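If you scroll down you'll find the structure; I have some questions about it.
The values are calculated or read from the model by the stated rules, or taken from the named source; none is laboratory data. From a predicted model like this one, the values you see are computed outputs, not experimental measurements. Cβ: placed from backbone, ideal geometry, glycine included. Neighbour counts: every protein chain shown. Heads up: the accessible areas ignore ligands, DNA and RNA and are worked out on the full protein's heavy atoms, side chains in. Shrake-Rupley method; radii C 1.70, N 1.55, O 1.52, S 1.80 Å.
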Amino acid sequence: MRTLDDALGLRAALLTGPRVVVVGAGFLGTEVAAGARTMGLEVTVVEPEPVPVRRTFGDRIGALVADLHRDHGTRLRCGTPVRRLRGAGGRVTGVELGDGTTLPADVVVLALGSMPATRWLTGSNLRLRDGVECDALCRAAPGIYAAGDVASWHNPHFGTRMRLEHRMNATEQAMAAVGSLLGDAKPFAPVPYFWTDQYDTRIQAYGVFPPDADVRIVHGDPVDGYFAAAYGHHGRVVGVLGWNTPRQVRTLRRLVVERASWTAFTVVPALRPATVN
C-alpha cells in the first residue's frame, strides 16, 4: 500500500468478495481490516506483536483495539510471524504462518511499515540515519531543508529527535520549512496529532506515547466504549488519547502543550501496560 493505484486496485479486489488476510496490525492494517469487515468480508489480521498498534499505544490500548476487531468479527492471529505467501497460477492462495498453519486467502494486504527513501541521497554528505536528519529549523545543511515522512528533526518541545509519518505533520512541517527558507525561521516544535477511524470508533491522539509511559484513564470507561487516557513520562504529561471522546481529548491536549506535571492525575489509578500471555 504505497500509491493511489495500490488503493484503487485493493478496492477493486475487495468488491469481488474475497477472503482477506492483512499482515500487520498498525493503523493502516487495522483500518483496511475494518473497512473489509464493514463490507461483510471474511478477514484475518496477522501481527507478530501480542496486540495491535502496540508500538504506538502500548499493550493496554492495543488490547482494546483487539477487542474492537473481534467484536466486529475480524479474526486476529497476534504473536505469530508470517513465514511466506502461497500461490498458484500467479495468484495468492494463502499465508503460511510461523507455526506451520496456512490461512486461505484470495487477497493479502501487507501493511508492514515503511522506510524513508533516502538512497538517492547517498554520497550527498547529508546525515541519513532514519531519514534526513535536520535541526529544529528543518535544516539538513546550509540551504537544504526537509519536511514530511522523510525528515528526522529535533523537536524542542519534547527534547527529542523524531520522524513522523502523519499527514498533519507533513503539512505543518512543510510550512515550517518554507518559513525557514524565506527568512522567518522558527523552531518546529509541534504536538503531533493523528487519528484513526475503525468501525464506529474514532481514536484521536495528541503528543507522544513512549513504550515505558504510565497510562491513566482520566475520563469515561473503556467498558462503555468511550474514554480518554493520559500518558506520563519522566514526570510530565506527554500524550493524550481519546476513544470516541473528541471534546474531552481536545481539552486535555493543553496538558501536553503546557508540559503539565504528571501529578495532575495522581488521584486516578495508573494503568500500566498489561501482561500479555
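In whole Hz and in residue order, list the ³J(HN,Hα) couplings for the stretch 71-77 that follow from phi through the Karplus curve 6.51 cos²θ - 1.76 cosθ + 1.60, θ = phi - 60°; x for Gly and Pro.
4, 9, x, 7, 7, 10, 10
Would you mind counting up the charge near residue 253? Only other residues with Cβ under 13 Å from its Cβ, with Lys and Arg at +1 and Asp and Glu at -1.
+3
Another question about this same structure. May I ask you to order 3-16, 231-244 by the average number of other C-beta atoms within 10 Å around their residues, highest value first?
Sorting 3-16, 231-244 by mean packing, highest first, produces 231-244, 3-16.
If you bin the C-alpha pair distances of the chain every 10 Å from 0, what whole percents do you get?
6, 25, 30, 25, 12, 2, 0
Report the extension gain between residue 171 and residue 1 in nm, rounded to one decimal, defined as 0.36 nm multiplied by the number of residues separating them, less their alpha carbon distance.
Here the segment from residue 171 to residue 1 would lengthen by 59.1 nm.
Would you calculate the separation in nanometres between label points at residue 75 and residue 200, each defined as 7 Å from the Cα along the Cα-to-beta-carbon direction?
2.6 nm
Still on this structure: Carbon-plus-sulfur fraction of the accessible area of the stretch 92-249, 1.4 Å probe, in percent?
Roughly 54 percent, rounded to a whole number.
I'd like to check one number: the per residue accessible area of the chain, probe 1.4 Å, reported in Å² as a whole number.
Numbers: 14660 Å² over 277 residues.
Value for the chain: 53 Å² per residue.
Dipole magnitude of the chain about its Cα centre, charges +1 at Lys/Arg Cβ and -1 at Asp/Glu Cβ only, in debye to the nearest 20? Can you show the working numbers first?
Numbers: 31 positive and 26 negative charges, 64 e Å.
My answer is approximately 300 debye.
Under the rule of at least 5 residues apart or a separate chain, name every residue whose amide H is placed under 5 Å from the amide H of residue 138.
Sorted by chain and number, the residues that satisfy this are 188.
Would you mind estimating how fast the stretch 1-155 diffuses translationally, via Stokes-Einstein at 20 °C and 1.002 mPa s with the Kirkwood radius over Cα pairs, in µm²/s?
For these conditions, the coefficient is 122 µm²/s.
With a Förster radius of 51 Å, plug the Cβ-Cβ distance of residue 101 and residue 182 into 1/(1 + (r/R0)^6) and report the FRET value to the nearest 0.05.
It comes out at approximately 0.35.
Right, next: Give me the percent of accessible area attributable to carbon and sulfur for the stretch 31-83, probe 1.4 angstrom.
On the way: 1000 of 2340 Å².
Percent of accessible area from carbon and sulfur atoms in the stretch 31-83: 43.
Could you give the nm distance between label points at residue 135 and residue 92, where each point is 7 Å from its Cα heading toward the beta carbon?
Calculated label separation equals 4.5 nm.
Helix-derived [θ] at 222 nm for the chain: sum -39500 (n - 2.57) over DSSP H runs of at least 4, divide by residue count, nearest 500?
Per the formula, -8000 deg cm²/dmol.
Quick one: which of 72-81, 39-48, 26-35 comes out on top by average Cβ neighbours within 10 Å, and what's the full order, highest first? Before the final figure, lay out the partial values.
On the way: 72-81: 17.1, 39-48: 19.8, 26-35: 21.6.
Ranked from most to least packed, the peptides come out as 26-35, 39-48, 72-81.
Sequence-distant or interchain residues sharing an amide H contact under 5 Å with residue 77, placed H: which?
Amide H to amide H, under 5 Å and 5 or more residues apart or across chains, residue 77 pairs with 45, 46, 47.
Could you give each residue of the stretch 195-211 its phi-based ³J(HN,Hα) in whole Hz, using Karplus coefficients 6.51, -1.76, 1.60 with θ = phi - 60°, and x for Gly or Pro?
Whole-Hz 3J(HN,Hα) from phi for the stretch 195-211: 8, 8, 10, 9, 6, 9, 10, 10, 10, 10, 9, 10, x, 10, 9, x, x.
Show me, for the stretch 250-261, the HN-Hα J-couplings you get by feeding each phi into the Karplus relation (A = 6.51, B = -1.76, C = 1.60, θ = phi - 60°), rounded to Hz, glycine and proline as x.
5, 5, 5, 3, 4, 5, 6, 4, 7, 6, 5, 5
Calculate how many DSSP beta bridges within the chain are antiparallel, expressed in % of all such bridges and rounded to the nearest 5.
Roughly 70 percent of the beta bridges in the chain run antiparallel, per DSSP.
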